[in-house]
Amino acid sequence: MKVLSASHINKYFYEPEKFQVLKNISFEVRKGEFLSLVGKSGCGKSTLLYILSTMDTDYEGILEMNGEKLTGKTQDQLAAFRNEHLGFVFQFHFLLPEFTVLQNVMLPALKLGKYSAKEVEERAYQKLKLVDMDGHALKQSSKLSGGQQQRVAIARALINDPTIIMGDEPTGNLDKKNSEIVFNIFKQIAHENHQTIITVTHDPDFAKGCDRIIEMSDGQIIKS
Amino acid sequence: MNIQISLQIAKTHLLTKKKQTLIAMLGVTFGIAMFIVMISFIKGVNKFLEDSALDATPHVRIYKEITSNHPSLIEEANPKAFNVIHHQLPKNELANIKNGLQIVANIEKDPAVLGVSPQIGSQVFFNKGPIPVAGQIAGVDILKEDKLYSIKRRVKSGSMEALLSNPNGILMGTILARNLNVKVGDKLTITTPTGNLKLVKVVGIYGFGIQTVDGVRCYANMSMVQEILQKDKSYVTDIHIKMKDSQAAIDYAKVLKNQYRYQTQDWAEANSAFMTGDKIRNAMVIIVSITLLVVAGFGIYNIMNMNVINKMKDIAILKATGFAGKDIVAVFLIQSIIIGVLGACLGLLIGFSLSYLLSITPFDAGDFLAVKTFPVIFNIKYYIMGLAFGVITTILAGYMPARKASKIDPVAILRG
């Protein structure tokens with residue numbers, strides 16, 4: 001079953017001069033797939049990821065996720081879609097520093113408003129347990145180490161049980177040990193929970209362990 | 001949109017930056033406090049001046065206008081001709097209101113009227129020693145006059161009732177009595193413009209607290225004034241009217257003018273200088289208050305703007321995890337509103353305390369005004385206005401940074 005389909009995606013940068021970053025990209029992703037986007041710096045893989053993330057809407061082509069056509073929707077509709085169906089893990093962990101670990105994980109779920117605050121808290125503890133961070137739940141998130149923050153960010157990405165989890169070099173800023181932990185968590189999520197994972201990575205070890213690798217060069221898919 | 005979650009984020013932001021929050025709040029507090037003090041004080045001054053002016057002036061005065069501006073005989077006889085008349089003089093006419101007492105009786109029947117007092121007014125000289133002091137004498141029915149101006153309450157020495165039993169008695173203003181150095185029981189001579197003399201006895205001294213009354217006016221019985229002016233018993237020059245509602249007097253004056261064909265003057269016209277002063281002071285309050293609030297507003301705008309710039313990463317994260325633009329606007333607008341409401345409430349409290357202190361501060365205005373402390377009005381309306389101004393300013397000042405926050409492109413920030 002496909003959860004994501006991108007067809008004929010073209011993207012241009014206009015500064016400093018018109019330049020085509022993505023050239024007619026089409027591919028599909030199946031449910032439960034653990035997928036890596038690899039390629040040299042500047043090949044357009046991050047740009048593609050941000051288009052897939054729905055945050056970048058300045059492209060040509062058609063993007064569908066979960067059977068829903070996302071191209072042409074308003075920012076607010078896309079925000080609601082991200083909230084329910086997508087989870088994000090970034091390179092620089094990006095937690096809200098004023099909030100506790102637990103609050104950081106709970107926020108997207110409170111926004112979704114599907115469960116009561118009490119249930120959300122319970123689910124947040126479950127997700128934190130999954131990444132082995134439940135012991136730090138009440139700490140201020142700025143007090144954690146990088147690896148710990150990244151695990152909390154994964155728990156946050158999982159809180160609404162999204163169909164797809166996207167990562168922009170989720171291990172790019174971590175040491176070998178923490179990278180392994182993150183990789184194992186991703187693998188578990190994909191294979192046990194059947195959630196789809198799409199990550200951009202530079203780490204060849206990380207990419208090797210994935211189910212599928214899409215390699216890009218000069219804005220085109222050269223191997224998939 | 002989920003307000004609760006935006007509120008929670010706003011609260012956390014404010015509490016982690018307590019100092020900054022406090023400074024933004026104090027800007028509003030100061031503006032609102034000054035607004036309250038100024039409006040309470042200036043409105044108090046206006047009210048005080050209006051009251052003291054109204055105390056001594058009738059709501060409506062009916063009088064006969066002596067003017068040279070009347071058609072001449074030549075014009076009446078030969079209206080189509082080209083007539084030139086040099087130096088036209090007033091006609092020799094009496095300053096009285098014909099059927100004055102009858103008019104008084106008619107007006108008294110109106111239920112909207114509080115009291116009517118017929119008067120005979122004249123310029124006189126008071127002679128005590130060699131120098132004549134100019135003043136006015138008002139022949140009145142003192143009981144009717146009392147109903148209009150509560151003379152009895154204003155008598156400082158002697159008594160008002162003594163005038164009833166003493167046909168040659170007068171009630172004298174405090175400042176005039178002091179200038180003439182007379183006390184209750186003293187006698188002095190008055191001279192009318194036509195040269196008649198009369199020996200009168202001071203039976204009481206009153207004070208309105210207004211120099212233009214206390215320094216010139218004496219009250220006497222109607223019959224005595226009629227006698228010294230050599231007029232008959234029905235001679236009346238002025239009719240003073242007090243209404244139950246002072247605002248109704250302005251229209252009532254016009255009605256009376258049309259009905260009796262005499263000149264009328266309402267209190268607002270008689271005190272137009274005061275009224276202009278009122279307007280200027282009110283305008284001043286508004287200008288200064290707006291200035292203060294605009295300054296407070298810019299303070300909030302600055303702080304919220306910096307806040308938004310500092311929180312770019314957080315905003316990007318919130319957007320990535322599914323917060324819509326309006327949620328972000330809510331997060332930052334709620335912060336401004338909290339700052340505005342708390343700041344304004346604190347400002348009201350400080351404003352109230354300062355105005356209270358002002359209202360008990362002794363203030364010596366001399367003879368000119370009968371006031372012992374600064375006049376201050378405590379009116380809930382001003383406090384509601386202050387709160388509303390404060391909140392509206394902060395919403396306006398907070399909205400622009402909040403909108404800017406909602407427009408942040410998360411991709412640009414998350415990609416680094």
Notebook entry, point to check: How high is the relative contact order of chain B, in percent, counting Cα pairs under 8 Å that sit 6 or more residues apart?
Noted result: 27
Item checked: Long-range amide H partners of A:LEU70 with built H, under 5 Å -> A:LEU63, A:GLU64, A:MET65
Checklist line | Cα centroid separation, the range B:278-299 to the range B:51-130 (Å) | finding: 45
Notebook entry, point to check: Out of B:SER246, A:LEU70, B:LEU7, whose Cα points farthest toward the positive end of the dipole of the protein assembly as shown (charges: +1 Lys, Arg; -1 Asp, Glu; placed on Cβ)?
Noted result: B:SER246
Checklist line | Debye equation applied to the C-alpha atoms of chain A, log10 I(q)/I(0) at 0.08, 0.13, 0.17 Å⁻¹ | finding: -0.28, -0.75, -1.24
Check: Under 5 Å between amide H atoms, partner at least 5 residues away or on a different chain: which partners does A:PHE34 have, H built in plane at 1.01 Å?
Finding: A:ILE197, A:ASP211, A:ARG212
Checklist line | Relative contact order for the range B:1-120, counting Cα pairs under 8 Å that sit 6 or more residues apart, in percent | finding: 15
Note to self: If I take every Cα pair under 8 Å that is 6 or more residues apart in the range A:169-222, average their sequence separation and divide by the length, what percent do I get for the relative contact order?
What the structure shows: 34
Notebook entry, point to check: Roughly how many debye, to the nearest 20, is the charge dipole of the range B:165-321 about its Cα centre, given +1 on each Lys and Arg Cβ, -1 on each Asp and Glu Cβ, and no other charges?
Noted result: 140
Check: Going by alpha carbons, how many degrees (0 to 90, nearest 10) lie between the helix axis of A:101-112 and the longest principal axis of chain A?
Finding: 60
Next item on the list: Name the long-range amide H neighbours of B:SER157: under 5 Å, sequence gap of 5 or more, or other chain; modelled H, no Pro or chain starts.
Entry: B:ILE205
Check: On average, how many beta carbons from a partner chain sit within 10 Å of the beta carbon of a residue in B:405-414?
Finding: 4
Check: Counting Lys +1, Arg +1, Asp -1, Glu -1, what net charge surrounds A:ASN10 among other residues with beta carbon under 14 Å of its beta carbon?
Finding: -1
Note to self: Just to check I understand the Karplus step: with θ = phi - 60° and J = 6.51 cos²θ - 1.76 cosθ + 1.60, what whole-Hz values come out for the range B:221-229, glycine and proline as x?
What the structure shows: 6, 4, 4, 5, 5, 4, 5, 5, 8
Note to self: If I model a spin label as a point 7 Å beyond the Cα along the Cα-Cβ vector, how far apart are those points for B:LEU357 and B:ARG261 in nm?
What the structure shows: 6.4
Note to self: Can you list which of the DSSP-assigned H helices in chain B have a Cα extent of 30 Å or more along the long axis and an average Kyte-Doolittle score of at least -1.0?
What the structure shows: B:18-56, B:272-310, B:325-359, B:380-406
Next item on the list: Can you tell me the dipole magnitude for the range A:1-40 around its Cα centre, using point charges on the Cβ only (Lys, Arg +1; Asp, Glu -1), in Debye to the nearest 20?
Entry: 140
Item checked: the range B:134-195 versus the range B:14-36: alpha-carbon centroid distance in Å -> 59
Note to self: So if I place +1 on the C-beta of Lys and Arg and -1 on the C-beta of Asp and Glu, and nothing else carries charge, what would the dipole magnitude of the range B:25-125 be about its Cα centre? I want it in debye, nearest 20.
What the structure shows: 60
Item checked: Over chain B: Kirkwood hydrodynamic radius from C-alpha pairwise inverse distances, Å -> 26.8
Next item on the list: Please find, in a Gaussian network model of chain B (springs between Cα atoms separated by less than 10 Å), the residue of B:PRO79, B:PRO130, B:PRO111 whose mean-square fluctuation is greatest.
Entry: B:PRO79
Margin query: Please report the accessible area of B:LEU143 (heavy atoms, 1.4 Å probe, ligands and nucleic acids excluded) in Å², nearest 10.
Written below: 90
Check: Does a label point 7 Å from the Cα of B:LEU164, set along Cα-to-beta-carbon, have any residues of the range B:175-217 with amide nitrogen under 17 Å, and which are they?
Finding: B:203-204
Next item on the list: Quick one: grab Rg to one decimal and Dmax as a whole number for the range B:70-117, Cα atoms only, in Å.
Entry: 19.0, 51
Margin query: Which residue fluctuates most in the GNM of chain A (Cα springs below 10 Å): A:ALA190, A:ALA109, A:ALA79?
Written below: A:ALA79
Note to self: What distance in nm lies between label points placed 7 Å from Cα along the C-beta direction at B:LEU15 and A:ASN193?
What the structure shows: 2.8
Check: Which distance in Å, rounded to a whole number, links the C-alpha centroids of the range B:399-416 and the range B:326-355?
Finding: 25
Checklist line | Candidate residues B:LEU256, B:LEU333: accessible-area rank, largest first, probe 1.4 Å | finding: B:LEU333, B:LEU256
Notebook entry, point to check: Based on the alpha-carbon gyration tensor of the range B:18-93, what equivalent-ellipsoid semi-axes (square roots of 5 times the eigenvalues) come out, in whole Å, largest first?
Noted result: 64, 19, 8
Note to self: Full-extension gain between B:ALA112 and B:GLU65, please, as 0.36 nm times their residue separation minus the C-alpha to C-alpha distance.
What the structure shows: 14.3 nm
Next item on the list: Project the alpha carbons of the protein assembly as shown onto their principal axes and report the range along each, largest first, in whole Å.
Entry: 128, 66, 43
Item checked: Angle between chain A longest axis and helix A:117-130 axis [Cα atoms, degrees, rounded to 10] -> 70
Check: To the nearest 0.05, how large is the calculated FRET efficiency for B:LYS244 and B:ILE337 if R₀ is 51 Å and r is the Cβ-Cβ distance?
Finding: 0.70
Check: Which is farthest toward the positive dipole end of the protein assembly as shown among A:MET133, B:CYS218, B:GLY100, measuring Cα position about the Cα centre, with Cβ charges +1 (Lys, Arg) and -1 (Asp, Glu)?
Finding: B:CYS218
Note to self: Leaving ligands and nucleic acids out of the surface, order A:LYS176, A:LYS73, B:LYS11 by accessible area at 1.4 Å, largest first.
What the structure shows: A:LYS176, B:LYS11, A:LYS73
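The values are calculated or read from the model by the stated rules, or taken from the named source; none is laboratory data. This is a predicted model, so every value here is computed, not measured. Glycine gets a Cβ as well: all are built from the backbone with ideal geometry, and neighbour counts include every protein chain shown. Keep in mind that these areas ignore ligands, DNA and RNA; they rest on the heavy atoms of the full protein, side chains included. Shrake-Rupley method; radii C 1.70, N 1.55, O 1.52, S 1.80 Å.
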